[in-house]
Amino acid sequence: MLCSSNSFLNLNTIVSSSINKPLIFRSLRIIKFTVSAKMDQNDAAAPPFTFLTRKPYTPPSWASHLNPLPSHAFSLGHLPTPIHKWNLPNLPDNTEVWLKRDDLSGMQLSGNKVRKLEFLMADAVAQGADCIITIGGIQSNHCRATAVAAKYLNLDCYLILRTSKILVDEDPGLTGNLLVERLVGAHIELISKEEYAKIGSVTLTDILKEKLLKEGRRPYVIPVGGSNSLGTWGYIEAIREIEQQLQTAHNKLKFDDIVVACGSGGTVAGLSLGSWLGTLKAKVHAFSVCDDPDYFYDFTQGLLDGLNAGMNSRDIVDVQNAKGLGYAITTSEELKFVKEIAAATGVVLDPVYSGKAAYGMLKDMAENPKKWEGRKILFIHTGGLLGLFDKVDQMAPLVTNWSRMDVHESVPREDGVGKMF
């Protein structure tokens, strides 16, 4: 879906109207939530030194009928992540957008993938794995998070990364997620997009798994995006976290809608299932950044069936196309949007996932304001900031706000006055 400026909203108006409104700069009223997402409201405070520990897992009461239930989870994320008001300009009348900051779930492990990995890594350790295999794009946030989590747990990590056929025989470099992956010692195997399309992720990971088994290793395979039925529990649990945060809020806030980017399907499946089963009852709107809505309805249905949820994906989630020119391909208009939202609100969106989802959401609001009027929306920021480093050449023309400082010649100058720390 190509989003032209005249079908959207005037992005210059976004910045000018926002900067002229002091409200924008008073908007980050961070709600302080002290209840851990891992515990019921009446439980005692979480004990210290629980990070990177593996603990028994008890699901929310409203999800206890799902099957299979995970038995354990690792503590990998800095949770709960905060929620705050996001004063986007030019919203429909009486519409509020709030932001769930899953981009703040950690630094090396930031983003939505951390929640899935808490369950997947616990299963890997339980099965006696000594290494992890996963697969994704050349700037995959999931692969970076998996590489870090594996090393935290003293496991080797093997990444199959998809790139262009022109670059498949070259050193992939150190840009963005690649830098972190290579610093933590992940083994990187490159595959061309063309080969990937013909062979598929499952066969590719199976080939590498068989190779490692022959070498005496004990590999554990995590699918694209960590999106399988076990990984879905990460965002079922996130719904419990949101419920608990709302219980501690003083303003009796209730969300009508949840908006999130959709790239591999697991996050959407967990959010929609959890919101439907729990007390939240918010409608989930997924903006797909690859494939098409029908694919994600079917894929989400498979994850729901894998948990014996007994429900239809089309009843609990609305999927809209926001991929634009394609996965990880960002138009100048989309990058301009990311830049101007950052300048207006201080929130930096990634160009592949949340940036496209927010762009799609605001476009839909501009075209269908009645649909959104008076509603309270929770937007899930799924992280991916490192992906911006892969777009620096495209971003450069948009960030020209610099100049050499002009110091008049009358200002006294003396060697050694300025200490350069």
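Data table
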item	result
Overall form of the range 91-136 per C-alpha gyration tensor (a/c, 1.5; a/b vs b/c)	prolate
Alpha-carbon centroids, the range 84-154 and the range 234-294: separation in whole Å	15
Over the range 274-339: Kirkwood hydrodynamic radius from C-alpha pairwise inverse distances, Å	13.5
Neighbour net charge for residue 316 - beta-carbon separation under 15 angstrom, K R +1, D E -1	-3
Radius, Kirkwood style, for the range 296-371 when every pair of distinct Cα atoms is counted (Å)	14.3
Å² per residue, accessible surface of the range 127-201 at 1.4 Å	43
Separation of alpha-carbon centers, the range 365-406 and the range 199-214, rounded to whole Å	38
If the convex hull is drawn through the Cα atoms of the range 157-215, its volume per residue in Å³	89
CD proxy at 222 nm, helix term only [per DSSP H run n ≥ 4: -39500 (n - 2.57); per residue of the chain; nearest 500]	-10500 deg cm²/dmol
Average Cα contact separation per residue, the range 306-421, under 8 Å, 6 or more apart, as relative contact order %	23
Among 299, 119, 379: highest mean-square fluctuation, GNM of the chain, C-alpha pairs under 10 Å	299
The chain: DSSP helices with Cα axial extent of at least 18 Å and average Kyte-Doolittle hydropathy no lower than -0.5	113-126, 201-214, 229-248, 293-306, 332-345, 354-367
At 1.002 mPa s and 20 °C, Stokes diffusion of the range 171-322 via Kirkwood alpha-carbon radius, µm² per second	121
Rounded accessible area of residue 52 (nearest 10 Å², 1.4 Å probe)	50
Cα-Cα P(r), the range 266-421, percent of pairs per 10 Å interval	9, 30, 27, 15, 7, 6, 4, 1
Candidates 318, 294, 156, ranked by Gaussian network fluctuation over the chain, Cα under 10 Å, top entry	294
The chain - Rg and Dmax from Cα coordinates, angstrom	22.3, 78
log₁₀ of I(q)/I(0) at q = 0.11, 0.27 Å⁻¹ - the range 350-421, Debye sum with one point per alpha carbon	-0.59, -1.20
Relative contact order (percent, whole number), the chain, Cα cutoff 8 Å, 6+ residue spacing	21
Long pairs among 323/356; 113/376; 336/363, criterion Cα-Cα beyond 18 Å	113/376
The chain - percent of accessible surface contributed by carbon and sulfur, probe 1.4 Å	54
Nearby aspartates and glutamates by direct alpha-carbon distance to residue 151 (threshold 18 angstrom, same-chain neighbours under 8 apart not counted)	118, 123, 130, 181, 189
Base-10 log of normalised Debye intensity for the range 187-277 (one unit scatterer per alpha-carbon) at q = 0.15, 0.19 Å⁻¹	-0.74, -0.94
Among 396, 343, 261: highest mean-square fluctuation, GNM of the chain, C-alpha pairs under 10 Å	396
Tail beyond 27 Å, pair distance distribution of the range 100-237 (Cα, percent)	15
Estimated FRET transfer efficiency when R0 is 51 angstrom, pair residue 189-residue 314 (beta carbons, to 0.05)	0.90
Reachable lysines from residue 193, criterion Cα separation under 17 angstrom, eight or more residues apart if same chain	165
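The values are calculated or read from the model by the stated rules, or taken from the named source; none is laboratory data. All of these numbers come straight from a predicted model, not from anything done at the bench. No Cβ is skipped: glycine too gets one built from the backbone with ideal geometry, and neighbour counts run over all protein chains shown. Calculation scope for accessible area: heavy atoms of the full protein, side chains included, ligands and nucleic acids excluded. Shrake-Rupley method; radii C 1.70, N 1.55, O 1.52, S 1.80 Å.
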